[in-house]
Amino acid sequence: MAGPYTTLIDPKTLAAHIQKPGWVVVDCRFALTAPELGRQNYDAGHLPGAFYADLEHDLSGPRAPGQGRHPLPTLTAFQATLGRWGITRDTQVVAYDDASSVFASRLWWLLRVFCGHDAVAVLDGGLAAWKGQGLPLSQYAPPFSLAAVYRGSKPRAAAILDTDAILAVVAGRVRRLLIDARGPERFQGLAESIDPVAGHIPGAVNRPFEENLRSDKTFRDRDDLRMAFEALLGARDPREVVHYCGSGVSACHNALAMAVAGLGETTLYPGSWSAWISDQSRPVARRS
């Protein structure tokens, strides 16, 4: 095996390994406006042997005041889910979806940062790329494991910031670069289709996650991504970056893109915009 695969994997490589021991594939399809649709699409056809991960039940924890729309799961709950999928510390995990790899990136981030599991990759181009190679789908849902137990390392706490830490950044007490993964209209406060307040965290810059992709939804190459993010960084160290979005999901796409670019591990504000605006006293910026 040439791996571990730690950022992206192409369909042909995955097809050569998908039935081998030590590999687990996870279907992360989800629709924010129709939460049941991802599971329905999975049942209609998915990569052979793939498990299904529901964003709200498997990749998020229960909602709580001030924590945003998709708070992180507890480590105990997430590791129990990994165990049901038969994932151990030695497993090569591959995640995919049909939404530009946004939801697959969330699982990638959770495993790498929340659990310290490096052998996890996103299927480049997602389901469309797999089907474009003429590769098969299945309607068989594999059974949950009764024996696997996931025992990971502790979360990389430095890679996760809460709202108090972001307040310190906005106040100028901590040097960080906030990168917002949402579209420009939402960032600028011109439109808001999901959250009750439009705008962005003061001082943030905008990097819509879609800009990480080619027209076929595969990731742009390493050098292109590196140049794009270095233009945002200026003289800053990549370790100063904090990614956020509406609820801590598409922000993971930018984190993955920076990893593909060879810029290392960055930080996530999981609560993101939906947590920031839960307190009306916090400042909101628009049109920058």
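A short reminder: the numbers here are calculations on the coordinates, not readings from a lab. Treat the numbers as computed from the prediction; the structure is a model and nothing was measured. Here the Cβ positions follow ideal geometry from the backbone for every residue, glycine too, while neighbour counts run over all protein chains shown.
Summarised in one figure, the compactness ratio Rg/Rh of the range 32-86, Cα atoms and Kirkwood Rh, is 1.02. Taking other Cβ atoms within 10 Å as a rough exposure proxy, TRP85, TRP109, TRP273 sort from fewest to most as TRP85, TRP109, TRP273. So what's the angle, to the nearest 10 degrees on a 0 to 90 scale, between helix 251-260 and the longest Cα principal axis of the chain? So the inclination is approximately 70 degrees. Computed FRET efficiency, Cβ-Cβ of ALA34 and LYS154, R0 30 Å: what is it to the nearest 0.05? E between ALA34 and LYS154, to the nearest 0.05, is 0.25.
Helix-only arithmetic for the chain: the sum of -39500 (n - 2.57) across DSSP H runs with n ≥ 4, divided by the residue total, places the mean residue ellipticity at 222 nm at -7500 deg cm²/dmol. Based on Cα atoms of the chain, Rg over Rh with Rh as the Kirkwood radius reads 0.95. For LYS131, a cut-off of 19 angstrom between C-alpha atoms picks up these lysines, skipping any fewer than 8 places away in its own chain: LYS12, LYS217. Value of Rg to Rh for the range 1-67, rounded to two decimals, is 1.06; Kirkwood radius and Rg both from alpha-carbon coordinates. The range 157-276 has equivalent-ellipsoid semi-axes of 21, 18, 12 Å, by the square roots of 5 times the alpha carbon gyration tensor eigenvalues, sorted largest first. Computed on the range 78-174, the Cα convex hull volume stands at 131 Å³ per residue.
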